[in-house]
Amino acid sequence: MLPFRRPLLLAVIAMLAMCGVATAQGHVAGTVRDADGKPLKGATITAEDPDVAPSTFTSTSDAKGRFSLLGLRGGTWKVTVQAPGFLPEAATITTHSLGPNPTLDIVLQPARDGVSAGPLHGASAASIQQQLDAAASFADAGQDAQSIAAYRQLLTRVPALTSIHLAIGALLERQHDDSGARAEYEALLAAEPDNAEAKAAIERLKKGAGENS
């Protein structure tokens, strides 16, 4: 299995099996439910605070609607929650460097006709997961070209899934296409300037180029 598969599925669409109350430093947990109180699986939760670095964290709700954001520094964070077929919801929380942080429980309202439901509008979590699994299966079978094509198709369909650039970049590295891989990592950084994985990948490629020069 390629090393990117597990972090990609966990960070983008694969459902996190994280639970509990946010009691540790840098840890905020919560739930996402619909108006009837049913848990929403596959919701995307994004926390942003431009005054700290990294300034953006992303998580995904699991089958019980639970999510966990790890690594948040003390400060004021804007948390945006989105799910296919629902209106996005935003909340502001204040985290502390010591002691427990607040638990965030979000209720999403169904999208009305003609109202956008955010970047995942029109794409069901199940179909996205199916495409992710198919692309990862191609990669596991050594069919890199098919895997890259599948990932690119999904990225075109759902541009909000910017972490897919990591998967494509890893596959291109496996094909020894370092320039193509770097372009993918840079595309991710353009969307998420503080993405630590993309920065680390670019630094790794720079070091590799230096060693081979």
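The values are calculated or read from the model by the stated rules, or taken from the named source; none is laboratory data. Please read all numbers here as calculations on a predicted model, not as lab measurements. Don't worry about glycine lacking a Cβ; one is built from the backbone with ideal geometry, like all the others, and counts go over all protein chains shown.
Here are the numbers for this structure:
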read-out: Pairs with Cβ under 8 Å, 6+ apart, first in the range 26-41 and more than 15 Å from residue 59 (Cα to Cα), second among the aromatic types (Phe, Trp, Tyr) and in a strand (DSSP E or B); value: 34/86
read-out: Per-region count, the range 74-95, residues assigned to a loop (DSSP other than H, G, I, E, B) and either under 20 Å from residue 196 (Cβ atoms) or in contact with a helix residue (DSSP H, G or I) (Cβ under 9 Å, 6 or more places away or on another chain) (or both); value: 3
read-out: Every residue from the range 139-168 that is touching a residue at least 60 places away in the same chain (Cβ under 8 Å), more than 16 Å from residue 58 (Cα to Cα) and crowded, with 20+ Cβ neighbours inside 10 Å; value: 139, 167
read-out: Residue list for the range 59-72, filter: modelled with pLDDT of 85 or more, on the phi < 0 side of the Ramachandran plot and of a type outside the set (Asp, Glu); value: 59, 60, 61, 63, 64, 66, 67, 68, 69
read-out: Yes/no for residue 171 being surrounded by 22 or more Cβ atoms within 10 Å (Cβ to Cβ), within 17 Å of the chain's Cα centre (by Cα), closer than 30 Å to residue 47 by Cα and not assigned by TED's automatic domain parsing to the domain that holds residue 60; value: no
read-out: Exclusive hit being in contact with a strand residue (DSSP E or B) (Cβ under 6 Å, 6 or more places away or on another chain), part of a loop (DSSP other than H, G, I, E, B) and at pLDDT below 80, set 117, 123; value: 117
read-out: Any chance residue 149 is out of contact with any strand residue (DSSP E or B) (no Cβ under 7 Å at 6 or more places or on another chain), assigned to a helix (DSSP H, G or I) and more than 23 Å from residue 199 (Cα to Cα); value: yes
read-out: Flag for residue 71 being more than 21 Å from residue 198 (Cβ to Cβ), out of contact with any Ser or Thr (no Cβ under 7 Å at 6 or more places or on another chain), assigned by TED's automatic domain parsing to the domain that holds residue 41 and surrounded by fewer than 21 Cβ atoms within 10 Å (Cβ to Cβ); value: no
read-out: Qualifying positions in the range 43-64 - part of a loop (DSSP other than H, G, I, E, B) and crowded, with 23+ Cβ neighbours inside 10 Å; value: 43, 61
